[in-house]
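This report refers to the structure that appears directly beneath it.
The values are calculated or read from the model by the stated rules, or taken from the named source; none is laboratory data. Only a predicted model underlies this, so the values are computations on that prediction, with no experimental measurement involved. Please note: Cβ atoms are built from the backbone with ideal geometry, for glycine as well, and neighbour counts cover all protein chains shown. The area values use the complete protein model at the heavy-atom level, side chains included, leaving out ligands, DNA and RNA. Shrake-Rupley method; radii C 1.70, N 1.55, O 1.52, S 1.80 Å.
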Amino acid sequence: MSARPSSHNRGGRVPGLLGTVLLAAWLPCRGRAQAEGVDMHGATEIQPRLMGMGGAFFFPERGEWIVEVQRWKRRPGDRDSHLRAVLFAPDRTVLHDVLLPGPGEGAPAEQRVRLSARVEHLGVYGLLVTSPEDRYGDYTVWGFRSNCDRYLIETSRGHRDRRHEEPIVLAGPERPGEVCFLPRAGEFRIDLRNLPPADEPMALLDGTGTALASLVRNPDGTAHHQVPAGVREPLPWRLLLPRGQAVVEIDGVTRWAADDLYRDMALWAPDPGAMFPLPENRWLLQPYRLRAFGRRGSEGSAVFTVHNNATRERTVDLALEFDGAAWEAALSAPYVTLPPREDVAVTLRYRVPDAGTAWNCRIRATPRGEAGFTTYSSFALFPGAAPAAATLEVPVVLAPYRHENEQFGYRPTYPVEQQMYFDGANRPYVAGERALRVRREGVWHDLPYSRVSGAAAGASVTLRSTKVAFDRRDHAYVVVTSHGAPALLRTRDGGLTADLTPIPGNGSFDIEQFSGHNVPEGPPPLIRVTRTAKDPNLIWRSLNDLDLFVPRERADGAIDMGEPIRLSRQCIGVSGHSGMPSSIVSRGNRVHVAWGEATEPGADVPGVPTYVATYDREERTLGAPVLIGYGPPANDVHNSPCITMDGKGTLHVLVGTHGRTFRYARSLQPNDSRGGWTEAENVGRDLSQTYVGLVCDRNDTLHLVFRLWRSDPTIHPFGSFATLAHMSKAPDSPWSEPRILVTAAFANYSIFYHRLTIDHRGRPFLSYDYWSTYWFYRNDRRERHRALLCSPDSGASWKLVDDEDLR
């Protein structure tokens with residue numbers, strides 16, 4: 001029975017042959033989907049059966065392309081789970097997005113969905129498989145078959161907080177199994193476990209079919225083999241198993257060293273004839289799809305990146321393809337030649353036609369002299385202003401392969417590598433990977449770190465912290481690494497030149513950045529966090545020395561960092577990748593620092609204790625730390641606090657948590673941590689919050705952005721999911737209810753790497769980069785997807801930033 005899932009039948013049920021199958025589609029289906037119960041005998045059986053999530057990449061011929069996806073329950077007593085299958089085109093246009101339900105909903109223990117699409121343009125197509133309740137694939141068995149005989153499987157689970165490994169799990173002992181893979185050139189090891197008894201040993205064959213080894217099952221169900229280093233032909237090796245049940249781990253394929261060619265990509269196939277040259281052509285052309293808008297008759301350009309993932313120099317031919325009549329568009333080059341593992345930018349220049357409502361083309365990339373591989377990206381052009389210029393209807397509901405550009409035509413002309421900061425003249429700065437980027441007189445300028453002057457200057461200068469700090473004279477400061485040691489970069493002329501001052505010691509650093517009402521007279525204070533011990537049993541617990549530096553500028557203009565001031569020997573650390581919390585805020589002679597501390601593992605404490613201490617520059621004295629409150633759970637570095645101040649000098653502190661409700665307190669005296677505090681209170685009721693981002697606007701309204709876990713079947717029918725949420729607190733008012741700004745494209749774990757800053761007009765700016773737990777989805781892109789929002793009206797509305805917002 002056939003069904004066309006669409007955004008209008010979300011959660012609808014489609015009758016099947018042996019039961020019902022839930023098809024929930026997030027996008028209109030561009031092909032045909034058929035869901036059915038399945039007879040598991042004879043020719044209808046799908047092999048291999050797999051565990052762990054992931055998917056596959058296909059290189060189909062022109063014509064109808066069919067993929068059948070099936071899921072089974074591993075054992076009758078296992079928990080129910082759903083399987084989500086997303087079929088996509090080379091430009092990541094989603095062809096199908098469906099769910100197979102769990103047996104608890106009355107469906108049979110096996111379900112199959114038949115997906116099809118018409119292939120008119122050659123390229124790399126794909127299938128993404130996830131589960132909203134089972135991100136590691138521990139309870140779900142799945143498999144697929146297709147009329148395309150060229151494909152590669154990528155085993156890919158949700159991330160774990162440990163070394164990345166992706167064991168290949170075969171779960172079909174009734175039939176023989178096979179794992180074909182590209183071997184590492186160096187020495188590598190093969191480890192097998194969970195092997196069933198078998199009459200025959202396993203065999204390892206090289207690319208010519210020569211038998212290299214026979215692997216015998218040990219009594220405990222394991223087998224092992226060490227392969228010496230050697231010259232390898234670029235042909236797949238074969239691991240043959242008499243029974244298709246095993247957990248397969250292979251160095252360079254499912255676990256990696258830093259120098260492996262295809263690190264973090266568990267690519268393999270059950271048939272050597274299925275393999276095609278995807279690894280060396282991965283990310284050949286990106287972005288996969290780009291949408292642009294413009295005034296009729298105007299000219300514009302779009303940049304695509306060609307990447308050579310091979311280990312040899314290659315030439316890639318480029319061509320434009322149109323469906324129907326061509327319109328005015330041209331590439332900057334018909335081909336590019338690239339060294340190994342390098343990128344080259346190619347520009348598509350176009351003119352918006354005077355007639356019509358939409359224009360499309362494909363940019364085809366074909367490695368020269370390498371038969372059998374080609375792919376494409378697509379470009380879509382529309383007349384008028386992009387939806388990105390308008391106020392957003394929040395939340396922004398991300399979907400697989402449908403982020404801000406696809407939904408809103410978002411094409412930032414400013415750097416989005418990291419979050420944006422503003423000097424006193426409201427000029428934006430971004431600390432990029434290779435340069436400090438500054439907007440002067442409407443034009444962005446780069447100051448490469450390698451061009452700075454100072455005692456330790458040189459080409460080895462790299463970014464150490466993405467924060468940009470300022471003083472009253474609009475001198476800008478960034479913490480960098482120079483020749484392996486920390487240094488403070490300073491520019492006194494808006495990014496034209498810069499100098500370096502060494503920072504004593506080593507460790508991680510946080511510098512006082514503008515959070516609404518704090519601009520130091522001279523060089524900003526900073527803290528150094530130096531790990532002294534790591535708890536082997538508690539992953540998020542470590543002991544750190546916490547030191548404060550209060551630098552000053554000497555009469556000759558040089559910076560004197562001063563001696564470090566010890567604040568704590570029990571600091572839990574600073575979690576800065578999301579939220580980018582402020583550890584320091586200052587006014588006049590007083591510098592206030594907030595931090596969390598580790599406690600004894602067995603201690604009966606309600607969470608990470610948060611302290612604030614004040615250093616007086618003039619008196620050169622450090623006040624005693626003041627306990628603000630506890631952020632649950634204990635001994636978790638996620639619970640980093642955040643401190644800011646309002647226009648009156650009142651200090652505001654949020655006690656960080658990990659999946660619990662933040663706690664808030666404020667000082668009773670302005671600019672004084674020792675004059676008493678309000679009792680720490682929850683900012684809301686039963687909120688699952690993590691990663692504090694806090695600023696204070698010109699009206700002394702506090703703005704808080706954080707990750708919040710939610711369940712909403714209208715967005716994700718099953719499982720909880722991450723959101724990026726905003727709360728505010730006006731003076732003498734309670735905290736607002738959370739308002740969701742962005743929702744994750746997938747249920748289960750996600751993170752947004754959000755950073756909240758504020759400009760001198762009091763507008764909060766929110767930078768974020770959605771990060772899915774699934775390696776398959778994250779591995780599929782090399783370009784960044786960071787976006788930048790701002791609120792012009794104290795959080796009442798939000799929009800994607802454009803050039804007008806930066807004037």
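Around Arg150, under 11 Å between beta carbons, what's the net of Lys plus Arg minus Asp minus Glu among the other residues?
That sum, taken over residues with Cβ under 11 Å, equals -3.
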### Task
Go through segment 378-389 residue by residue and turn each phi into a ³J(HN,Hα) via Karplus (6.51, -1.76, 1.60, θ = phi - 60°); whole Hz please, and just put x for glycine and proline.
10, 10, 10, 10, 9, x, x, 7, 5, x, 4, 6
### Task
Quantify, in whole percent, the carbon and sulfur part of the accessible surface of segment 544-592 (1.4 Å probe; protein heavy atoms only).
43
### Summary
Residue separation between Ser450 and Arg62 times 0.36 nm, minus their alpha-carbon distance, gives in nm 134.7 nm
### Message
What does the charge count around Glu441 come to, taking other residues whose C-beta lies under 11 Å from its C-beta (Lys +1, Arg +1, Asp -1, Glu -1)?
### Response
+4
#### Entry: ³J(HN,Hα), Karplus 6.51/-1.76/1.60, whole Hz, each residue of segment 50-61, x for Gly, Pro
10, 10, x, 7, x, x, 8, 10, 10, 10, x, 7
### Query
Residue-wise, which Karplus ³J(HN,Hα) couplings in Hz belong to segment 162-174, taking 6.51 cos²θ - 1.76 cosθ + 1.60, θ = phi - 60°, and x for glycine or proline?
6, 3, 6, 9, 10, x, 7, 10, 9, 10, x, x, 6
### Message
From the helices alone, meaning DSSP H stretches of at least four residues, give me the mean residue ellipticity at 222 nm for the chain, per-run term -39500 (n - 2.57), in deg cm²/dmol to the nearest 500.
### Response
0 deg cm²/dmol
### Task
Just report the Cα centroid separation between segment 417-478 and segment 701-716, whole Å.
32
### Query
So which trypsin sites (Lys or Arg not before Pro) in segment 503-594 end up in coil per DSSP with only 11 or fewer other C-beta atoms within 10 Å?
Arg554
### Query
What is the list of residues in segment 496-534 whose amide nitrogen lies under 15 Å from a point 7 angstrom out from the Cα of His483, following Cα to Cβ?
500-505
### Pairwise label distance in nanometres, Arg698 with Arg569, each label 7 Å out on the Cα-Cβ vector
4.8
### Task
Excluding Phe57 itself, calculate the net charge of residues whose Cβ lies under 10 Å from the Cβ of Phe57, where each Lys or Arg counts +1 and each Asp or Glu counts -1.
0
#### Entry: Between segment 520-564 and segment 618-640, the alpha-carbon center distance in angstrom
15
#### Entry: Contour minus Cα-Cα distance for Arg312 and Glu233 (0.36 nm per residue)
27.0 nm
### Summary
Of segment 309-324, those with amide N under 17 Å from the point 7 Å along the Cα→Cβ vector of Ala358 are 322-324
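So, R0 is 30 Å and r is the distance between the beta-carbons of Arg295 and Arg118; what FRET efficiency does that work out to, to 0.05?
According to the calculation, E is roughly 0.30.
DSSP loop trypsin sites (Lys or Arg not before Pro) in segment 663-703 with at most 10 other Cβ atoms within 10 Å of their Cβ, which ones? Kindly include the intermediate steps, with their values, before the conclusion.
Working: sites: Arg663, Arg666, Arg674, Arg685, Arg698; in loops: Arg685, Arg698.
Of the trypsin sites (Lys or Arg not before Pro), the ones in loops of segment 663-703 whose Cβ has at most 10 other Cβ atoms within 10 Å are Arg685.
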### Task
Could you name the aspartates and glutamates whose alpha carbon sits less than 18 Å from that of Lys799, not counting residues in the same chain fewer than 8 places away?
Glu393, Glu404, Glu406, Asp697, Asp759, Asp769
